[in-house]
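Structure first, then comments.
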Amino acid sequence: MEIRSVKRKKKKREEIIKVDRISHLPDSLLHQILLLLPLQSAAITSSLSKRWRSLFLSLPDLDFTSINENPKPPSFSSNSIYQLLSLRHHRDANNLRSLRFRTPITFTSLNSLIRLAVTHQVQDLDVEVTTKDYFNFPRWIVTSQKLRALKLKSAYPGFRLPPSSSIFGGFQKLTSLSLSLVILYNQPYLSDFFTDPNFPLLEKLALDNCFGLKELRVCCRLLQEFSLKNSLQLDSLEVSGNNLHRLKVVSCFHSYSEESVVKINTPNLKTFLWNSNAVTTTVHFLDKLVCLRKAFVGVLLLHQDINSQKQSLLTLLSELSHSYKLQLGNQSVEILSSKKGLVKNHLPPFHNMRFLELQTRFDRHNVQALSCLFKSCPMLNILLLKIINDQTSERRQWNNDLWDMSNSEIQYWESQTYEVESFLKNLEFVEIHGFLECENEMSLAIFLLRHGKALIKMTLRSSFLCRDNLRRQMIRSQLMGFSKASSKAKISFH
C-alpha cells in the first residue's frame, strides 16, 4: 500500500511539473516580462509556440538599441525592422507605444519605416540614422496625431527641417522633441517655427548641432525644459514662456559677430545653465528671475579683449542675483579679474545665495575678484573652490611661517575683513579642490580660519601627491593648530 501511495504522489508531482503555468498568464503580464529582456532575447521566445509568437509580435515597446553594441553583422537591419513591424497583427496595430532604433539607412527606407510606425500609431519615436546624403524631415511624422515624443538624430550628414508653413496643424499632441544635426543654411532664421500654433502641447525641447542657425525664437506657453547645444553661428536667441523651469545653452555664439543678442522672458525659471558660450554684446531679461535656484555661467573667450566683454557678463550676473546656487567657470572668473572688470563695475548683491562654486587658476590677479564675490554674497553658507592647476598659473609655494602676518597676500585679505564681514559671519563649509599649499590658497585658508565665525568644516583636497611629505605634514599640523586657536573649525585633508 505504501509503495502504491508513493507512486501516486510521484505521478502527481510529474503532472504538476508538466503544466505550463507561465503561458496561462495574461498577455499584459507576459509583455512586462518580455520587456525586461533585450529585444534579441525576447525574439527567441517567438519560436516556442504560436502563443509566444503572437506575444512577441504584439509587444508595445520595440527597442532595437537594447541589442549588443556594434554587432557584426548588425542583428537587426532596417529591412528586418520593417518586416517585424509589418508582421504585427491588425488588432495590435494601435498598441505600439514606443519604437527605438539606430541603423545606417537610405532616406527611402527611413520614410517607409516611419510611415509604418505612424500607421501603428506610435507614441514615442526615438531614431538615430546614418545616411549617404542630407535628407528632408520625414513628412509622415508631421501628420501623426498620436505621436507624443520624438527624438530624431542624424549621425551623418544631417537633415533639413520643413518650412514652418508646411507643419501648421501637425504636432498637435507632441510633448517632447529632440533634434540633432540639423542643416539650416537655407533657413537660418527660425523666428516662427517653435511657437504655439505649431507645438501647442510641447513641454520639452532639445536642439543639438544646428548648422547655419543664426536666429532662433522659442515661444511655447507649456514649455518646461529647453536645451540648445552647438549652434556656433547663432547671433540672436529669444526664449519666452511662463512655464519654463530649465534653460540650458552650451557652445553657442561663436561666429565673431559684432552684434549678438539674448532676450529671455521666463519669470518662473529655476535652473539656468550657460556654458562655453561666447559673451554676447546684449543680454536682456524682461522679468526678474525670483524663482531661480541654480545658475551656471561658463563663458568662452574668443579673443584677448577681456575688458570689452565685462559689462555684458556683469549684466548677466545681475539678472541671476536671486539664485540660491551659483557656479562660475574659470573664464568667467578671468573676466571679473581683469584690471577694469570690477573697479568701475561692482557686482550685484546675491542676498539669496547659499552655495557658491568657483573654478579658477587662482593666480594673484584673481584675488581681488574673489574678494568682490565674497562681499556680494553676505548670506553664503557653502563655498566650493576648484583650482585649475596648469603650466600657465603663477602660483608660488608657501614658504612662510603660518603665524607670520607680514605676507602681502595675508595683509590684503586682512584689509578686507570689514568689507566681507557678513560673508564671514554666515560661512559654514569650505571645500578647496586642487589645494597645493601655494601662497594664494594658503593665505585664503588662513584668513577664513582666522575670521570665519560660523565656520564648521574646511576640506582641502590635493590634486596629486606631494613629494615633500615632511613639509606637507608641517603645514597641516600648523593649520590645525591655527584652527583650534581661532574658529574651532574642523579641517579635513584628502
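The values are calculated or read from the model by the stated rules, or taken from the named source; none is laboratory data. Every value quoted in this text rests on a predicted model; they were computed, and no experiment measured them. Every residue, glycine among them, receives a Cβ derived from its backbone with ideal geometry; neighbour counts consider all protein chains shown. In case anyone asks, the SASA skips ligands and DNA or RNA and just uses the protein heavy atoms, side chains included. Shrake-Rupley method; radii C 1.70, N 1.55, O 1.52, S 1.80 Å.
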In the stretch 295-304, is there at least one residue being open to solvent by 60 Å² or more (accessible area, probe 1.4 Å), among the polar types (S, T, N, Q), out of contact with any Leu (no Cβ under 7 Å at 6 or more places or on another chain) and in contact (Cβ under 8 Å) with a residue 24 or more places away in the chain?
-> no
Picking from Ser231, Ser240, Ser257, Ser227, which residue would you name as being touching a strand residue (DSSP E or B) at 6+ places or on another chain (Cβ under 8 Å), surrounded by fewer than 18 Cβ atoms within 10 Å (Cβ to Cβ) and not aromatic (Phe, Trp, Tyr)?
-> Ser227
Scan Leu184, Leu177, Leu147, Leu213 and give me the residue that is of a type outside the set (Val, Ile, Thr), in contact with a Ser or Thr (Cβ under 7 Å, 6 or more places away or on another chain) and surrounded by 16 or more Cβ atoms within 10 Å (Cβ to Cβ).
-> Leu213
Condition met for Arg476 (modelled with pLDDT under 85 and among the charged types (D, E, K, R)) | yes
Can you tell me which residues in the stretch 408-432 are touching a Ser or Thr at 6+ places or on another chain (Cβ under 9 Å), modelled with pLDDT of 90 or more, more than 16 Å from Cys372 (Cβ to Cβ) and open to solvent by 10 Å² or more (accessible area, probe 1.4 Å)?
-> Phe429, Glu431
Starting from the stretch 25-54, keep only residues that are over 14 Å from Arg88 (Cα atoms) and touching a residue at least 24 places away in the same chain (Cβ under 8 Å), then list their pairs with residues that are among the small types (Gly, Ala, Ser) and surrounded by 12 or more Cβ atoms within 10 Å (Cβ to Cβ) whose Cβ atoms are within a distance under 7 Å, requiring at least 6 positions of separation or different chains.
-> Leu34/Ala42; Pro38/Ser66; Leu39/Ser66; Gln40/Ser75
Give the residue, chosen from Met405, Met379, Met353, that is modelled with pLDDT of 85 or more, assigned to a loop (DSSP other than H, G, I, E, B), surrounded by fewer than 21 Cβ atoms within 10 Å (Cβ to Cβ) and hydrophobic (A, V, I, L, M, F, W, C).
-> Met379
Residues of the stretch 192-207 being in contact with a Leu (Cβ under 8 Å, 6 or more places away or on another chain), open to solvent by 40 Å² or more (accessible area, probe 1.4 Å) and assigned to a strand (DSSP E or B), in sequence order, are Lys204
Test Ser80 against the stated conditions and say whether it is over 33 Å from the mean Cα position of the chain (by Cα), farther than 24 Å from Leu147 by Cα, at pLDDT 80 or above and assigned to a helix (DSSP H, G or I).
-> no
Which condition number in (1) under 18 Å from the mean Cα position of the chain (by Cα); (2) open to solvent by 10 Å² or more (accessible area, probe 1.4 Å) is the one that Phe272 fails?
-> (2)
